[in-house]
Ligand code: NAD
């Protein structure tokens, strides 16, 4: 039984505690920590766990075999570096860290430790729809991928959501998932701003078209539209040399009523990806038990940060911006 300590007991921290303890196999949450003690106590009640307010005390607790880090992004680097120092596996919710430099520090520390310890919570790689698309592409049946047309639409966002957040909080999932899907690396980024919807405000350009080009020349367009009003609408279509592979939307009943044929569109990101969180964390538990990391690595976390920075530069400059990550270290190949 893998004994886990959870750092950061907010929304997703509590969700993961319930998931790890009640749904998944071979794992139990034994300790939780939060800088906010009351929050930690509430979370501890979900798993009958011990409470700390200091993440380092949790990481170094002899009863903790592995760590799940669900604190806010700015706090991740410290926890992940401490877990590496303690030689313990750590599942870190995205982002790995809030700057590419901090992500690189984690990459360097993990390589220096000589052990694969870090997995980043990019759960789309565990979504059934994306997996089906990847399997189709990997089969080679459709030839090489040439173009990807994707959408990331949300019904609405809060008034504190601003233009760069369309990259850091929204497109970040596509950034990780799409290069994995086509097994390629990004080369450049550009952002085109159409006229904005009347439902946005002066600090948020909405919608945006984000363009990514890979080293093999694949052109990717991602429409990010976070006040689209009608639903949480994630689409991904891959145009290949000998066919087009489109990700299926989760099935909902097809209704015939009053002269109309209709089907539902998901409205919440939680519902759309709920199954992938279960698959992701079960896979992490299983691979940690074997001393491995199967999912997105610290290098993937670093690539996502560098790519996001290039997209934000492109939002500001209107130019094509280079994405320079350097060579992927052998350790991650
Ligand atoms: P939240 O604000 O609800 O919770 C964060 C918690 O961490 C709070 O209880 C806060 O008191 C605590 N905290 C703050 N600083 C801390 C520190 N230094 N050490 C320990 N605890 C600390 O946030 P959330 O919505 O649960 O998000 C947490 C992380 O999960 C973020 O990085 C977010 O991007 C990520 N997330 C990922 C997904 C996904 O789709 N993979 C979805 C939601 C959230």
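Laboratory data are not the source of any read-out in this text; all were calculated from the coordinates shown. Predicted model, so just to flag it, every value in this text is computed and none were measured. As a convention, Cβ positions derive from the backbone with ideal geometry for all residues, glycine included, and neighbour counts pool all protein chains shown.
Distance distribution P(r), the chain, all Cα-Cα pairs, bin width 10 angstrom from 0: 6, 24, 32, 25, 11, 2, 0 percent. In a solvent-free Debye calculation with one equal scatterer on each Cα, what is log10 I(q)/I(0) for the range 225-275 at q = 0.15, 0.19 Å⁻¹, listed in the order of the q values? The calculated log intensity ratios at q = 0.15, 0.19 Å⁻¹ are -0.59, -0.84. Computed from Cα atoms alone, the Kirkwood hydrodynamic radius reported for the range 147-263 is 15.6 Å.
Relative to the longest principal axis of the Cα atoms of the chain, helix 100-113 runs at roughly 50 degrees. Compared with the dominant principal axis of the Cα atoms in the chain, helix 37-47 is inclined by about 90°. Put the Cα centre of the range 73-132 next to the Cα centre of the range 265-333 and the gap is 9 Å. Taking the C-alpha atoms only, the angle from helix 269-289 to the longest principal axis of the chain is near 40 degrees.
Here is the P(r) of the range 69-123: all C-alpha pair distances, binned every 5 Å from 0, give 4, 24, 36, 26, 9, 1 in whole percents.
Set against the 2.2 N^0.38 Å expectation for a compact globular protein, the range 177-333 has a Cα radius of gyration ratio of 1.26.
Size descriptors for the range 246-333 (Cα atoms only): Rg and Dmax, in that order, 20.2, 60 Å. For the peptides 76-86, 239-249, 307-317, residues were scored by their other Cβ atoms within 10 Å and the scores averaged per peptide; the highest-first order is 76-86, 307-317, 239-249.
Can you tell me the mean projection area, over all orientations, of the convex hull of the range 98-167's alpha carbons? Units nm², please.
Values: hull surface 32.7 nm².
The number I arrive at for the range 98-167 is 8.2 nm².
From most to least packed by mean Cβ count within 10 Å, the peptides 216-227, 4-15 give 4-15, 216-227.
Using all pairs of distinct alpha-carbon atoms, the Kirkwood hydrodynamic radius of the range 1-145 works out to 16.1 angstrom. By the compact-protein rule of thumb, 2.2 N^0.38 Å, the alpha-carbon radius of gyration of the range 273-324 corresponds to a ratio of 1.64.
Among 269, 284, a tally of other beta-carbon atoms within 10 Å of each Cβ gives an order, fewest to most, of 269, 284. Across all Cα atoms of the range 1-71, the radius of gyration (one decimal) and Dmax (whole number) stand at 10.3, 29 Å. Calculated [222 nm] ellipticity per residue, helices only, for the chain: -10500 deg cm²/dmol; basis is -39500 (n - 2.57) per DSSP H run with n ≥ 4, divided by all residues, nearest 500. Ratio of Rg to Rh for the range 187-239: 1.03 [Cα atoms; Kirkwood radius as inverse mean 1/r over pairs]. Across all Cα atoms of the range 93-210, the radius of gyration (one decimal) and Dmax (whole number) stand at 17.1, 52 Å.
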